[in-house]
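Values quoted throughout were computed directly from the atomic coordinates according to the rules given, and no laboratory measurement underlies them. Quick caveat, the model's predicted, so the values are computed rather than measured.
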Amino acid sequence: MEKRTRELMVIGLIVIAACLLIFGLLVRYRQENTEVTVFAEEEFDKGDIEQTAFNIEAVNTGENGTLISGWFLIPGLTYEYYNYGNDRHDSGVYANMRLCLLNEGKVYVLPTKLEDRPDVTDVMDDGIDYRDCGFQSFVPPACSETMENGKIGFLTRDPDGNETLYIEE
């Protein structure tokens, strides 16, 4: 009987540990989807917004914050890569963009989810698949004043890790 009790206690501890781990992962996931990071504007290289194509398609405000959606791309920009699985050299876009708010010399980098936008690829019609050029960005209520008084920017990162900030004037 004592052995059975110990086994049940071990199983109970394992279940409790698993529940705590899952809870911790869910908290981290939620934080990742709502956390805004702030940088000084001079930390980034500036790009020419005129060399980009973008569209802010929707701004939906609710009691939990604002959701901004649209698309952003740099026409014609592709990078060479090697696909080990197919043993093939190729080129393609590198979709790594985050929407930002800029105000008083600070850059508020918003949590941004990229989305596949084949419709934009069709409109551009230059032979390049722009894949994940669509985005949805969450603006928490604490940043609503920054959104109203500031500018919108797009922060891109290339495959080498270089970040460029494009500011909509």
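Each stretch of four or more DSSP H residues adds -39500 (n - 2.57); spread over every residue of the chain, this sum gives -9000 deg cm²/dmol at 222 nm. In angstrom, the C-alpha Rg and Dmax of region 41-157 are 15.9, 50.
With the convex hull drawn over the C-alpha atoms of region 58-113, the volume per residue is 149 Å³. When the chain is treated as a Gaussian network with alpha carbon springs shorter than 10 Å, the biggest mean-square fluctuation among Gly127, Gly92, Gly70 belongs to Gly127.
Considering the chain as a Gaussian network with a 10 Å cut-off on Cα pairs, which listed residue, Tyr84, Tyr108, Tyr94, attains the greatest mean-square fluctuation? In the Gaussian network model the winner is Tyr84. Mean-square fluctuations from a GNM of the chain, with a 10 angstrom spring cutoff on Cα atoms, peak among Phe39, Phe23, Phe154 at Phe23. Annotation: aspartates and glutamates with alpha-carbon distance below 13 angstrom to Lys151 (same-chain offsets under eight excluded): Glu41, Glu104, Glu168, Glu169. The relative contact order of the chain comes to 25 percent, based on Cα pairs under 8 Å that sit 6 or more residues apart.
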